[in-house]
Amino acid sequence: MAGGAPPAFLAEVEKRVDELVRAAAAFCVDGTTRQGEGPNGGFAHVPGGFFNYLIVPRHERLYIMQVTFL
């Protein structure tokens, strides 16, 4: 999905994803029973580009939809 991007950029993406996962876990303690509003996702900017992500609490997952290296 992010083929050709420099390793340093991908490391920044991974670091930011880890932060987002921890924040989502704190917001949704038990995602499998979660109903109603919650964190949805968005765009996260990192040095060298950005990525688009989607948080699905019931799946207990953060999906990366697109990675853009500038």
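Checked against the criterion of being at pLDDT 90 or above, open to solvent by less than 70 Å² (accessible area, probe 1.4 Å) and assigned to a loop (DSSP other than H, G, I, E, B), the candidates Ala44, Ala5 yield just one match: Ala5.
Scanning the range 8-25 for residues that are open to solvent by 80 Å² or more (accessible area, probe 1.4 Å) and either in a loop (DSSP other than H, G, I, E, B) or at pLDDT below 95 (or both) yields a count of 1.
The values are calculated or read from the model by the stated rules, or taken from the named source; none is laboratory data. Computed from a predicted structure; not experimentally measured. Remember, those area values only see protein heavy atoms, side chains included, never the ligands or the DNA or RNA. Shrake-Rupley method; radii C 1.70, N 1.55, O 1.52, S 1.80 Å.
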